[in-house]
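Here the structure is laid out as structure tokens; the discussion comes afterwards.
The values are calculated or read from the model by the stated rules, or taken from the named source; none is laboratory data. Since the structure is predicted, the reported quantities are computational estimates derived from the model, not experimental observations. Glycine gets a Cβ as well: all are built from the backbone with ideal geometry, and neighbour counts include every protein chain shown. Just so you know, the surface numbers come from the protein's heavy atoms only, side chains and all, with ligands and any DNA or RNA stripped out. Shrake-Rupley method; radii C 1.70, N 1.55, O 1.52, S 1.80 Å.
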Amino acid sequence: MKAIAIVPGKGNAHIIDTEEPHIKEADEIKIEVHEVGICGTDREEATGGRADAPLGEKELIIGHEMFGKVVETGKDVTTVKKGDYALFMVRRPCGHCVFCLNKRSDLCSSGDYTERGIKERHGYQAEYVVDKEEYVIPVPAEISDLGVLTEPMSVVVKAIEESLSLQSCRFPGLDANDWLKGRKALIAGLGPIGLLAAFVLTLRGAEVYGLDIVDESTARPSILKELGGKYINGKSIETDKIDEKYGRMDYVFEATGIASIELQLMDILGYNGIYVLTGIPSGSRPVCILGADIMKRMVLMNQVMLGSVNAAKKHYLIAVDELNKMKKQYNNLSSKLITEKTGYQTFSKVLDLHSPDEIKAIVVWKK
């Protein structure tokens with residue numbers, strides 16, 4: 001079968017011929033891959049960045065945002081059947097830390113986890129994939145056009161769910177799902193993660209603001225405004241001055257991965273506010289900050305800062321529900337999130353290039 005692979009540390013993504021996987025155990029599932037999303041991690045890997053091949057191998061099949069159709073199941077599988085739409089999760093547990101032993105490999109404390117398409121396990125940019133039933137996520141046929149967004153949505157859902165759980169502990173008697181209603185929420189970075197967060201926060205009743213540096217007439221701000229959000233152009237206002245014009249924010253969802261902006265955003269957080277970081281900065285350029293002022297404000301204003309990465313199975317399942325709600329409420333708008341599609345034969349069109357209006361680019365393996 002065909003697959004897309006890299007040499008970790010060197011990049012050079014290319015199509016390879018490799019052995020088609022087959023079911024060997026009673027709890028395994030074989031999926032015909034239909035689509036695989038491209039994100040910053042894939043592009044980093046393709047340019048020689050963070051990636052690890054399986055033990056004893058030189059190449060890594062990339063891709064972790066997958067979606068497809070079940071073509072075969074082991075005799076003990078009950079979650080899905082042949083013909084169902086589904087996908088597999090990304091991370092696999094280390095097998096020895098308390099979090100992984102309790103099915104929360106997203107919180108692995110040993111660092112010995114593996115990840116398909118990223119760390120020591122082949123990914124999903126291939127014609128077929130096989131994995132265990134415990135990692136499968138069924139996707140209803142009615143949202144099959146959005147199924148490839150499940151993995152990034154799971155990242156969004158985890159960040160929001162965990163932050164609201166913290167807030168519900170601090171506000172006795174308040175349901176976590178009600179905390180956002182009527183509160184100001186700023187999303188920094190209107191890429192796929194940021195825009196998916198905009199949908200979720202809007203559906204939960206927040207007053208949503210979006211910060212980016214693109215022209216207001218382009219695709220990303222336009223989707224935000226159609227949702228009812230307000231766009232803030234970072235080229236027209238200094239980040240730490242946003243609160244002077246729009247007021248302090250109760251909730252900040254960061255999806256830029258730019259360290260200087262991440263730190264500046266702390267200045268606009270309000271009393272009892274919570275700040276969630278999902279972007280992972282790269283590079284080693286130093287950032288100068290007034291550390292004492294930030295720490296003093298966090299203490300005196302009872303603020304919380306939370307970092308979040310990856311997702312547990314429960315977040316994937318909630319992500320499917322959120323995509324379903326999103327499509328029902330904003331059908332035409334949700335379809336605008338997938339902006340670029342290309343067949344696997346021409347994968348470099350979306351892996352190597354990033355157009356200004358791109359939101360989510362995908363590689364198509366099966367139409």
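Is there a residue in region 342-352 that is farther than 28 Å from ILE143 by Cβ and either modelled with pLDDT of 90 or more or more than 16 Å from the chain's Cα centre (by Cα) (or both)? Yes, region 342-352 contains at least one residue that is farther than 28 Å from ILE143 by Cβ and either modelled with pLDDT of 90 or more or more than 16 Å from the chain's Cα centre (by Cα) (or both).
Here is a list: VAL98, VAL130, VAL90. Which entry is open to solvent by less than 50 Å² (accessible area, probe 1.4 Å), more than 17 Å from the chain's Cα centre (by Cα) and β-branched (Val, Ile, Thr)?
Values: VAL98 fails: open to solvent by less than 50 Å² (accessible area, probe 1.4 Å); VAL90 fails: more than 17 Å from the chain's Cα centre (by Cα).
From the options VAL98, VAL130, VAL90, the qualifying one is VAL130.
If the condition is being surrounded by 18 or more Cβ atoms within 10 Å (Cβ to Cβ) and within 18 Å of the chain's Cα centre (by Cα), then region 296-312 contributes SER308, ASN310, ALA311, ALA312. Within region 79-105, the residues that satisfy the criterion of being closer than 20 Å to TYR128 by Cα and free of Cβ contacts under 8 Å to residues at least 40 places away in the same chain are LYS81, LYS82, GLY83. Taking the listed residues LYS184, LYS158, LYS230, LYS241, the one that is basic (Lys, Arg), modelled with pLDDT of 95 or more and surrounded by fewer than 17 Cβ atoms within 10 Å (Cβ to Cβ) is LYS230, with no other qualifying.
Where strands (runs of 3 or more DSSP E) sit wholly within region 117-210, those with at least 2 residues that are in contact with a Pro (Cβ under 7 Å, 6 or more places away or on another chain) occupy 128-132.
Within region 318-367, being open to solvent by 90 Å² or more (accessible area, probe 1.4 Å), part of a helix (DSSP H, G or I) and within 26 Å of ALA3 (Cβ to Cβ) holds for GLN345, LYS349. Can you name every residue in region 211-227 that is open to solvent by less than 60 Å² (accessible area, probe 1.4 Å) and assigned to a helix (DSSP H, G or I)? Scanning region 211-227 gives ALA219, ARG220, PRO221, SER222, ILE223, LEU224.
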